[in-house]
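Colleague: I'd like to ask you about the structure that follows.
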Amino acid sequence: MSYNFKEIEKKWQQKWEKEGTFNAKDDYTMKKWYGLIEFPYPSGQGLHVGHPRSYTALDIIARKKRLEGYNVLYPIGFDAFGLPAENYAIKNKIHPRIITKQNVDHFREQLKALGFSFDWSREINTTDPDYYKWSQWIFIQLFKHGLAYKATMPINYCTGCKVGLANEEVVNGVCERCGSPVVQKEKSQWMLKITEYAQRLIDDLDDIDFLEKIKLQQKNWIGRSEGAEVKFKLTGFDNEDLIVYTTRPDTLFGATYMVIAPEHPMIEKFENKITNLEEVKAYQNQAKLKSDFERAELSKDKTGVELKGITAINPLTGKEIPIWISDYVLITYGTGAIMAVPAHDDRDWEFAKKFNLPIIEVVSGGENVQEKPHTDVYSGKMVNSGFLNGLEVKDAIKTCIDYLEEKGIGKRKVNFKLRDWVFSRQRYWGEPIPMVYCEKCGWVPLDEKDLPLVLPEVKDFEPGENGESPLAKQTEWINTTCPHCGGSAKRETDTMPQWAGSSWYFLRYMDPHNNNALASKEALEYWSPVDWYNGGMEHTTLHLLYSRFWHKFLYDIGVVPTKEPYQKRTSHGMILGSNGEKMSKSRGNVVNPDDIVNEFGADTFRVYEMFIGPFDQAAPWSMDSIRGCYKFLERVWNLQELLVDGDSYSPEFEKMMHKAIKKVSSDIEEMKFNTSIATFMTMINEFYRLKRINKAEFKTFLELLNPFAPHITEELYELLNTGHTISDSTWPKYDEEKTIDNEIEIPVQFNGKVKATVKIPLDADESAVKETVHKEVAKLLEGKTIVKEIYVKNKIYNIVVK
RNA sequence: GCCGAUGUGGCGGAAUUGGCAGACGCACUAGACUCAAAAUCUAGCGGGAAACCAUGUGGGUUCGAGUCCCACCAUCGGUACCA
């Protein structure tokens, strides 16, 4: 009988679906395990071969955990709001809901064909009003706690299409669709105060098991720095200061000029004092017209104008120094103003050279600072620095800040690179923001009992003029009454970003059909936190950080029981095209999973994706290798021809069986799936070599292989007439004693080079080993002088000879 | 530029974490079966006649280095003047 994967896979998938084999149980007395993968965006292209890499990995772990007796929650859903569906809708005049449903149906079918042990009864969809009701509810809580606010922020604005664009729609500074330049346009937007959680988002990483590189990337993104805010008095005023932020207050004596961002408010405030206002305004306009991209592009050549009519006083030297405007200073970081220390900062040095500003060395140890900036200054002695002279840098920092605080001209300050989260999108296909604007009461949230605020039906998905949301055209929907005073009011027309639905979806899985809360207290208590979350590195600084932020907020208001949403986070490598490049339509190297499943079956597909290479690293696709995996499963199938009776392991295989259980068990926990599969291959090579496998060995073998290749193993398991399926079985156990070899072979080296091997009993004492070794290599030792002998127990015997 | 990975046969990759480099798979070569091919099976497969030489390059530590240290080089990913 040949291996008919089509029939087998269909049979088991239907059985699992009918019986709900993998549904999580509502028995909260059992020990639980919650495994999570990033729910997909259901794109029109269907499943990518990259998706199953992550899904198969956690599927393997989930299946093993079930056999170990855990109540496992391994859910799936769809992150279905988003740009591609909306753009498709604009182009083809089809409602995004329709196209989204088609895509979800297609994805679901593809996922089911791969035999994942998802709990389909808990499937969620972010575009479902019963789901986004709670996204809106969370937003209202954020607003009520002062964490959501309106601010004027620039958006990417396409000068051709006259619409706002998402960052991913801006390619090299031009609009992805029409190629027109993209500029920044000011717009009032909803913002979330993630910055309020910056410190906690760093600190709490200590208590969770994330890959080190993920923690590091998050920390760098949050970008904490310690320094001081320093006041510089402005000349010509009685009591006006310019405040700067610096991490290096010790270099204050070297501050020879100041620079403010073009958007800095002092320009408008002191307009009448500025004697070259026209020049200044021209520079401001020029900066405004530049996109972020252009501002970064021109990074090498610094530009700027001096602000004439106002100067500042260096508080330590008492000297009058000029103030410049330049776009290399960002209004979004620190105070939007800096003190420039050109001797010790690359950017300041470049700027000083270009505009002929004085450069004064304050930390010794570098080359001539007139020729080259000396920026590596975390150690060294202070010079030209008054009372700081002679101090080491780190002492100077402390001494100087103490002095500034004492004199009231500065104070310690911690800053973060992290910025607040722009939460508005001028788009149709997203969750409506449940806020109304009342002339009398300002911004007022909807009453919670009126949620969900359903996305209105529209026919026209084109964005509004001037970068407005398509909803801005829905006058009937917009006009409403104020929940507070009952007067007339207008709805918010922006929608939420795609990140909203994905920031809390793992909570909904715990209790997906609850109408009274995002999930019940009991479900949250039982299932929290997610035990293991696997996903892509590309989500480290956005999705992963956003959802940690929301979770912490929900914790603060008593909704969830844990500080952190995910106990453990790992990530998978990308699957590349066979040419080693990223898979993409334009490169013509895309592999469609359906084709692979048709030709080789789901089990082969799964095994191949796990065998392809180390799980956390990128790996190129190879059609030849996949055939190798198919051949492996075919050989597994044909093992039935070698099957003999036997209810315990036979002596020839006993050691191998115990070792294999140990190896596969630990490999799965460490995500070393490729070496597990190598173990399986070695095992069947042995069975074929001795042309025999007994029932006990076959049973264990199938149980071990089951998480990787669930269909074929269940089918073969039926031959054993155990009266149950593998899914109802338990994970095999091994006996440590039986994994140990009593006789081992160790290498004998001369000066670290292998000359021979000897067999010795395990844990033999050194003198016995020495004797065996000397007998073995006596000839080779002739004419040589032994300097030293090293024996590492059970490992190696090295003789140093001359 | 900065941050993070990675570099081992013709290819994907193993290596118990400092102890026999190349497990397992692919490709390839020869043989068996076949009228023939495919499939399957069997054997071989880093280089070198050998001593030996080989884990990106050059140094170092060690009885012993793919693994640790220093300095480079290359590729990939992230990020963009963060004071």
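Colleague: Return yes or no: is A:Ala756 out of contact with any Ser or Thr (no Cβ under 6 Å at 6 or more places or on another chain), more than 27 Å from A:Lys659 (Cα to Cα) and either open to solvent by 50 Å² or more (accessible area, probe 1.4 Å) or modelled with pLDDT under 90 (or both)? Before you say what the answer is, go through the steps one by one.
Modeller: Values: out of contact with any Ser or Thr (no Cβ under 6 Å at 6 or more places or on another chain): yes; more than 27 Å from A:Lys659 (Cα to Cα): no; either open to solvent by 50 Å² or more (accessible area, probe 1.4 Å) or modelled with pLDDT under 90 (or both): yes.
Against the criterion (out of contact with any Ser or Thr (no Cβ under 6 Å at 6 or more places or on another chain), more than 27 Å from A:Lys659 (Cα to Cα) and either open to solvent by 50 Å² or more (accessible area, probe 1.4 Å) or modelled with pLDDT under 90 (or both)), A:Ala756 does not qualify.
Colleague: Can you tell me which condition A:Phe423 does not meet? The list is (1) free of Cβ contacts under 8 Å to residues at least 60 places away in the same chain; (2) more than 16 Å from RNA strand B (Cβ to nearest atom), and all the others hold.
Modeller: Here A:Phe423 meets the rest and fails (1).
Colleague: Still on this structure, I have one more. With A:Ser676, A:Ser648 as the choices, which residue is outside any helix (DSSP H, G or I) and polar (S, T, N, Q)? Break it down into steps so the answer makes sense when it comes.
Modeller: Working: A:Ser676 fails: outside any helix (DSSP H, G or I).
None of the others qualify; the one that does is A:Ser648.
Colleague: In region A:466-500, what count of residues is obtained for those that are polar (S, T, N, Q) and open to solvent by less than 40 Å² (accessible area, probe 1.4 Å)?
Modeller: Keep residues of region A:466-500 that are polar (S, T, N, Q), which gives A:466, A:469, A:474-475, A:479-481, A:488, A:493, A:495, A:498.
From the residues that got through so far, the ones that are open to solvent by less than 40 Å² (accessible area, probe 1.4 Å) too are A:469, A:480, A:493, A:495.
Residues that pass the stated criteria total 4.
Colleague: Residue pairs, Cβ under 8 Å, 6 or more apart or interchain, first in region A:118-131 and within 16 Å of A:Gln13 (Cβ to Cβ) and of a type outside the set (Gly, Ala, Ser), second open to solvent by 30 Å² or more (accessible area, probe 1.4 Å) and not in a helix (DSSP H, G or I). List them.
Modeller: A:Asp119/A:Asn23; A:Trp120/A:Asn23
Colleague: Here are A:Gly442, A:Gly467: which of them is away from RNA strand B (no atom under 16 Å from the Cβ), touching a Gly at 6+ places or on another chain (Cβ under 9 Å) and either modelled with pLDDT of 90 or more or at positive phi (or both)?
Modeller: Details: A:Gly442 fails: touching a Gly at 6+ places or on another chain (Cβ under 9 Å).
A:Gly467 is the lone residue from the list that is away from RNA strand B (no atom under 16 Å from the Cβ), touching a Gly at 6+ places or on another chain (Cβ under 9 Å) and either modelled with pLDDT of 90 or more or at positive phi (or both).
Colleague: Would you call A:Tyr378 within 15 Å of RNA strand B (Cβ to nearest atom), surrounded by 15 or more Cβ atoms within 10 Å (Cβ to Cβ) and of a type in the set (Ser, Thr, Tyr)?
Modeller: Working: within 15 Å of RNA strand B (Cβ to nearest atom): yes; surrounded by 15 or more Cβ atoms within 10 Å (Cβ to Cβ): no; of a type in the set (Ser, Thr, Tyr): yes.
Spelling it out, it is not the case that A:Tyr378 is within 15 Å of RNA strand B (Cβ to nearest atom), surrounded by 15 or more Cβ atoms within 10 Å (Cβ to Cβ) and of a type in the set (Ser, Thr, Tyr).
Colleague: Collect the residues in region A:261-282 that are touching a residue at least 12 places away in the same chain (Cβ under 8 Å), within 14 Å of A:Glu306 (Cα to Cα) and acidic (Asp, Glu), keeping them in residue-number order.
Modeller: A:Glu279
Colleague: Could you count how many residues in region A:381-397 are within 16 Å of RNA strand B (Cβ to nearest atom) and exposed (fewer than 13 other Cβ atoms within 10 Å of the Cβ)? Write out each step before concluding.
Modeller: First pass over region A:381-397, keeping only residues within 16 Å of RNA strand B (Cβ to nearest atom): A:393-394, A:396-397.
This time we only want the ones that are exposed (fewer than 13 other Cβ atoms within 10 Å of the Cβ), so: A:394.
Total meeting the criteria: 1.
Colleague: Can you name every residue in region A:581-612 that is in contact with a Cys (Cβ under 8 Å, 6 or more places away or on another chain) and β-branched (Val, Ile, Thr)?
Modeller: Pass one, region A:581-612, residues in contact with a Cys (Cβ under 8 Å, 6 or more places away or on another chain): A:600, A:604, A:607-608, A:611.
Passing the criteria: A:Thr604, A:Val607.
Colleague: Being under 20 Å from A:Ile744 (Cα atoms) and either within 9 Å of RNA strand B (Cβ to nearest atom) or open to solvent by less than 40 Å² (accessible area, probe 1.4 Å) (or both) is the requirement here; does A:Val801 meet it? So that I can check it myself, show each step before the final result.
Modeller: On the way: under 20 Å from A:Ile744 (Cα atoms): no; either within 9 Å of RNA strand B (Cβ to nearest atom) or open to solvent by less than 40 Å² (accessible area, probe 1.4 Å) (or both): yes.
Judged against the criteria, A:Val801 is not a match.
Colleague: Could we say that A:Thr127 is within 16 Å of A:Phe39 (Cα to Cα), open to solvent by 20 Å² or more (accessible area, probe 1.4 Å) and β-branched (Val, Ile, Thr) here?
Modeller: Details: within 16 Å of A:Phe39 (Cα to Cα): yes; open to solvent by 20 Å² or more (accessible area, probe 1.4 Å): yes; β-branched (Val, Ile, Thr): yes.
When the stated conditions are applied, A:Thr127 passes them.
Colleague: Out of all the residues in region A:501-522, which are assigned to a helix (DSSP H, G or I) and surrounded by 21 or more Cβ atoms within 10 Å (Cβ to Cβ)?
Modeller: Result: A:Gly501, A:Ser502, A:Tyr505, A:Phe506, A:Leu507, A:Arg508.
Colleague: While we're here: Looking at region A:313-327, is at least one residue more than 12 Å from RNA strand B (Cβ to nearest atom), in contact (Cβ under 8 Å) with a residue 12 or more places away in the chain and among the polar types (S, T, N, Q)?
Modeller: There is at least one residue in region A:313-327 that is more than 12 Å from RNA strand B (Cβ to nearest atom), in contact (Cβ under 8 Å) with a residue 12 or more places away in the chain and among the polar types (S, T, N, Q).
Colleague: Can you pull out every residue in region A:342-359 that is more than 7 Å from RNA strand B (Cβ to nearest atom) and surrounded by 20 or more Cβ atoms within 10 Å (Cβ to Cβ)?
Modeller: Of everything in region A:342-359, those that are more than 7 Å from RNA strand B (Cβ to nearest atom) and surrounded by 20 or more Cβ atoms within 10 Å (Cβ to Cβ) turn out to be A:Pro342, A:Ala343, A:His344, A:Asp348, A:Trp349, A:Phe351, A:Ala352, A:Ile359.
Colleague: Pairs please, first residue from region A:460-487 and more than 16 Å from A:Ser188 (Cα to Cα), second anywhere and of a type in the set (Asp, Glu) and open to solvent by less than 30 Å² (accessible area, probe 1.4 Å), Cβ atoms under 8 Å, 6+ apart in sequence or on different chains.
Modeller: As it stands, the answer is A:Phe461/A:Glu86, since those pairs meet every condition given.
Colleague: Looking only at region A:110-142, how many residues end up being closer than 25 Å to A:Trp443 by Cβ and among the aromatic types (Phe, Trp, Tyr)?
Modeller: Count: 5.
Colleague: On to the next question. Scan region A:759-788 for residues that are under 52 Å from the mean Cα position of the chain (by Cα) and exposed (fewer than 15 other Cβ atoms within 10 Å of the Cβ) and jot them down.
Modeller: Residues of region A:759-788 that are under 52 Å from the mean Cα position of the chain (by Cα), as a first pass: A:759-766.
Across region A:759-788, the qualifying residues are A:Lys759, A:Pro761, A:Leu762, A:Asp763, A:Asp765, A:Glu766.
Colleague: Now a separate question. If I filter region A:549-576 down to residues being out of contact with any helix residue (DSSP H, G or I) (no Cβ under 7 Å at 6 or more places or on another chain), away from RNA strand B (no atom under 12 Å from the Cβ) and in a loop (DSSP other than H, G, I, E, B), which single residue comes out as most open to solvent (accessible area, probe 1.4 Å)?
Modeller: Per the stated criteria, the residue is A:Gln567.
Colleague: (1) in contact (Cβ under 8 Å) with a residue 12 or more places away in the chain; (2) over 27 Å from A:Phe118 (Cβ atoms); (3) surrounded by fewer than 20 Cβ atoms within 10 Å (Cβ to Cβ); (4) within 16 Å of RNA strand B (Cβ to nearest atom): which one isn't true of A:Asp667, the others all being true?
Modeller: Result: A:Asp667 passes all but (2).
Colleague: Only one residue in A:Ile677, A:Ile693 is within 9 Å of RNA strand B (Cβ to nearest atom) and either buried (at least 18 other Cβ atoms within 10 Å of the Cβ) or under 28 Å from A:Asp209 (Cα atoms) (or both). Which one? Write out each step before concluding.
Modeller: Working: A:Ile693 fails: within 9 Å of RNA strand B (Cβ to nearest atom).
Sole residue among the options that is within 9 Å of RNA strand B (Cβ to nearest atom) and either buried (at least 18 other Cβ atoms within 10 Å of the Cβ) or under 28 Å from A:Asp209 (Cα atoms) (or both): A:Ile677.
Colleague: Hey, another quick one. In region A:612-633, how many residues are open to solvent by 60 Å² or more (accessible area, probe 1.4 Å), more than 7 Å from RNA strand B (Cβ to nearest atom) and either free of Cβ contacts under 8 Å to residues at least 12 places away in the same chain or not in a loop (DSSP other than H, G, I, E, B) (or both)?
Modeller: 1
Colleague: Scan region A:530-548 for residues that are buried (at least 21 other Cβ atoms within 10 Å of the Cβ), within 16 Å of RNA strand B (Cβ to nearest atom) and in a helix (DSSP H, G or I) and jot them down.
Modeller: A:Leu544, A:Leu545, A:Tyr546
Colleague: Of the conditions (1) within 12 Å of RNA strand B (Cβ to nearest atom); (2) open to solvent by 50 Å² or more (accessible area, probe 1.4 Å), A:Ser586 fails just one. Which one is it?
Modeller: (1)
The values are calculated or read from the model by the stated rules, or taken from the named source; none is laboratory data. Given the structure is predicted, the values throughout are model-derived calculations rather than measurements. In this analysis, Cβ positions are derived from the backbone assuming ideal geometry, glycine residues included, and neighbour counts consider all displayed protein chains. What goes into the accessible areas is simple: the full protein's heavy atoms, side chains included, and nothing from ligands, DNA or RNA. Shrake-Rupley method; radii C 1.70, N 1.55, O 1.52, S 1.80 Å.
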